[in-house]
Each structure stands twice: as structure tokens, then as C-alpha cells.
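Each remark here refers to the structure printed beneath this line.
Computed from the coordinates by the stated procedures, all read-outs in this text should not be read as laboratory data. This is a predicted model, so every value here is computed, not measured. A quick note on method: Cβ atoms are made from the backbone with ideal geometry, for glycine too, and the neighbour counts reach across all protein chains shown.
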Amino acid sequence: MRVASGSLARRTLVAPPGDATRPTSEKLRDALFQHLRHRLEHGLRDARVLDLFAGSGALAFEAISAGAAHATLVDASPAAARAIRQNIAALQLEAVTALVVRDVAAALPRLEGHFDLILLDPPYAFDAAPLGPLIAPLCTPTTLVVYEHATRRDSPTLPGLAPGDARRYGDTTVSFFALAGDSARAES
């Protein structure tokens, strides 16, 4: 597994061992971040990113590679935390990352400030709807929430957040959300 594009392109990443983590493919990450560069007014330059269910951290590292200023990665798995720490060290990103090893629902109320981009990539069987009210306080009117889920699943909901468009990548769909009342932000 490698960083797909940007300043860290082709740098190798490790994934947690076993089947508990489903890493986002390099092809999907590349397509998603190409889309985000064009969709966001200033691309990802200087963005604050939150990567929930971070796994290997690949999505956060793609964001930093594309110009994000800081990424907070959240995952409860000790194996994921070890892989993330190893990737942070290998990429020398200690100054621009923070790792929170905690259940996402427990971590969200403890996070401070707002984020420009929130990446939500839970296990496909996980119902993320209860996280919506916990994510909304971390958003501004310009925050974009990117939710990666199984294509076969019904359109996901995140209460407190307005659904927008979605992009299908085979078995995976990426749905975009913004603060409720700002659905234009989620569309593009």
C-alpha cells in the first residue's frame, strides 16, 4: 500500500494485520482526492482533517500529501494504532498529526475546534447514523464530511448533517455531507 499522490506520492504505508481493517484502495484514494482538490475552494491547502476509523491512516496521509496542515486520526484498535504510529514515523509527520486511540463515539465529544474535512470510513457493517450528532459540532458551514460505505447499502444518514451527492467506485460508494441547512456544500 502506498500514498497515491501529492508530496508523499509512492511512499509505502503499512496496514494493520488481519481482516479487521479494510484499507481504502490506492485507486479509490487517488480518485477521491483528485475530486476533493477540484471540489474544495482552496483544495486541501492548510486544511484541518479528521480521519475517523483511521485504520492505517492512509486517508489522512493522502490529505496531508495534498496540502492539509494537520490531521487527527481516531481508531480504537491497538493494531491500527501501531500501524498508524509506524506510518507517521516513516513519513516523518509527527508535527502535523495527532493519534487518538479510542472508540470513535467516545472520542468525538473530546475533540476540540473545527475541521475542514472529516473522513468517515467505518467497517461496512457499522451503522454510523448515531455519529452524526457527534460530528456536527466539529463542523463549520464550509466543512465537508466524506463517508465511505458499501455500495450495496441503502443511502446512509447522518442526523445533523445534510446529504449531498455520492460517487460510486465499484463495491464502494463515497457520500458527501455538510452541516444541516447547507446541503449545497455537500453537492458538487
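Here are a few things to note about the model shown:
- By DSSP, the beta bridges lying fully in the range 25-186 are antiparallel in about 40 percent of cases.
- Rg/Rh (Cα only; Kirkwood hydrodynamic radius) as it applies to the chain: 0.92
- Annotation: amide H of Val100 within the under-5 Å range of Leu73, Val74, Asp75, sequence separation 5 or more or interchain, hydrogens built in the peptide plane.
- Hz values of 3J(HN,Hα) by residue in the range 147-155 - Karplus curve (6.51, -1.76, 1.60), Gly and Pro given as x: 10, 8, 8, 5, 4, 5, 7, 4, 4
- What you get for the chain, charging only the Cβ of Lys and Arg (+1) and of Asp and Glu (-1), is a dipole of about 440 debye around the Cα centre.
- Ellipticity estimate at 222 nm from DSSP helix runs (n ≥ 4, -39,500 (n - 2.57)) divided over the chain, nearest 500: -7000 deg cm²/dmol
- Label-to-label distance, Tyr169 versus Asp30, with points set 7 angstrom from Cα along the beta-carbon direction: 1.1 nm.
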